[in-house]
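Contents: one structure, followed by commentary.
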Amino acid sequence: MTRFRAAAPVRLDFAGGWTDVPPYSAREGGVVVAAAVQLHAYAEVTPRDAGYLLRAQDLGEAADFENLAALAGDGPLSLLRAGLRLFQAGPCSLVTRSDAPPGSGLGSSGAIDVALVAALAAAANRRASVREIADLACRLEGVEAGIPGGRQDQFAAAFGGFLRLTFRDPDASVERIALDREFAAELARRMVLCYTGASRFSGNTIGRVMRAYERGEPAIAGALDGLRRVAEEMAEALHAADFGRIGALFSENWRLQQLLDPGMSTPEMARLERAMLDAGALGGKAAGSGAGGSMFFLAPDDPRETSEVVTRLGMRLLPVRWALMGVRPC
C-alpha cells in the first residue's frame, strides 16, 4: 500500500518570539532567532477507497469523516481537517504524532503543520519547495484552522538549523546563522531542556496582548520592541560564540515575555528558574509562551549540577541535538 510520510523538527525559540505575531509583525516588523532540534513531528497519508480516517496519536484523538464536506467547521483535529481541506485531498487516512510532549512549548503544532503539508503535497504529486511548504504551513494554521499565533515555528520546522527570521507581513525572510562546529556541539552539551508539564497558555492571551499593543499601551509596546532588540543581539552573540551573552539574553527575553503577561511563569517554572540560576546556569527562558510547557537553560562548563536540579524537582529532561535538516520525507 502506498504511503506518504514526512517529518519536521521542533525548535528552541532563542529570542524574539511574539514579534512574529500580527499586528506587531505587520507594523513594526518582527525578528526571531530559533534553532531546530531533533525532536520531530510526523505525518502519514494513506489513500483509501472512501472516507477519511484521522488520528493524532500524541493527543489520543481519532475521528472518521464520510466526505470532504464533513471536515468543515470547528471541533477536534482542526489541523488535520484543515490540511485535508487545503489540499482538497481524496479519501485517505491521516495520522500525526510528535516526539515532543503535548503542550511542550517547542512549536510542535507548527512542526505538525509542516509535516502535514509535505505529506499531503507528496500524496497529491505536487512538487513544493521548502519555502512553499513553510508558507502553506503558516496558512494552514493561521487561516484554514483559525489558530492565532506567529510564523516562526513553521519556518524553523521547514528549514531546520539556526535561523534569523524577519517578518514584515506578508513578507518573511530567512537567514541561516552559520556556527563553528565545535561551538555548536558545546552549545548543545550545555543546553538543559526540561518539560515542566503541559502548557495552560491560551490563544485568548495572544489576542489580549495584541489588543493592548493596538491600544498603544506603552508597557506592551516597549516589551515587544525589547524582544525584537534581544533577537538582534542574540544573532550577534551566536556569531561571536559568546556563551555569557547568550545566557544573559535568554533571561532578558524571558523577563520581557513576562511583562506581556505575568501568567506566563507558573510557580513551578519560577521555582525551577531560581534553582537553576542558584546552580550556576548562565540564563534561561520558557520555550514558547510559557504558562507551563518547557524551559531551557544554558549551563556552566559542567552541566551536571543543573541537570540534577531538574531531576530533583521531578521534571523531565529532554535531549538537545541540533536538527540541521528541516522537513524531509521519511
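The values are calculated or read from the model by the stated rules, or taken from the named source; none is laboratory data. All values derive from a computational prediction rather than experimental measurement. No Cβ is skipped: glycine too gets one built from the backbone with ideal geometry, and neighbour counts run over all protein chains shown.
For the reader, a short list of remarks on this structure follows.
- Summed over the range 197-220, residues that are over 19 Å from residue 148 (Cα atoms), without any contact (Cβ under 8 Å) to a residue 24 or more places away in the chain and of a type in the set (Gly, Ala, Ser) total 1.
- Of the criteria (1) closer than 30 Å to residue 2 by Cβ; (2) at pLDDT below 95, which one residue 200 fails: (1)
- Subset of the range 171-185 (residues that are in a helix (DSSP H, G or I) and in contact (Cβ under 8 Å) with a residue 12 or more places away in the chain): 183, 184
- Residue 256, sole failed condition from (1) under 19 Å from the mean Cα position of the chain (by Cα); (2) free of Cβ contacts under 8 Å to residues at least 24 places away in the same chain: (2)
- Filter pass, residue 93 being surrounded by fewer than 22 Cβ atoms within 10 Å (Cβ to Cβ) and under 20 Å from residue 140 (Cα atoms): yes
- The residues of the range 118-128 that are among the small types (Gly, Ala, Ser) and either surrounded by 24 or more Cβ atoms within 10 Å (Cβ to Cβ) or within 25 Å of residue 33 (Cα to Cα) (or both), listed by number, are 118, 119, 128.
- Only listed residue being within 22 Å of residue 10 (Cβ to Cβ), exposed (fewer than 15 other Cβ atoms within 10 Å of the Cβ) and under 19 Å from the mean Cα position of the chain (by Cα), chosen from 139, 131, 164: 131
- Selection count where residues are among the charged types (D, E, K, R) and in a loop (DSSP other than H, G, I, E, B), scope the range 297-330: 3
- Considering residues of the range 142-161 that are out of contact with any strand residue (DSSP E or B) (no Cβ under 8 Å at 6 or more places or on another chain) and modelled with pLDDT under 95 only, the residue surrounded by the most Cβ atoms within 10 Å (Cβ to Cβ): 149
- In the range 27-66, the qualifying residues are those that are surrounded by fewer than 16 Cβ atoms within 10 Å (Cβ to Cβ) and touching a Pro at 6+ places or on another chain (Cβ under 8 Å), and the one that is nearest to residue 153 (Cα to Cα) is 59.
- Qualifying residue in the range 60-71 (condition: over 27 Å from residue 25 (Cα atoms), in contact (Cβ under 8 Å) with a residue 12 or more places away in the chain and touching a Cys at 6+ places or on another chain (Cβ under 8 Å)): no
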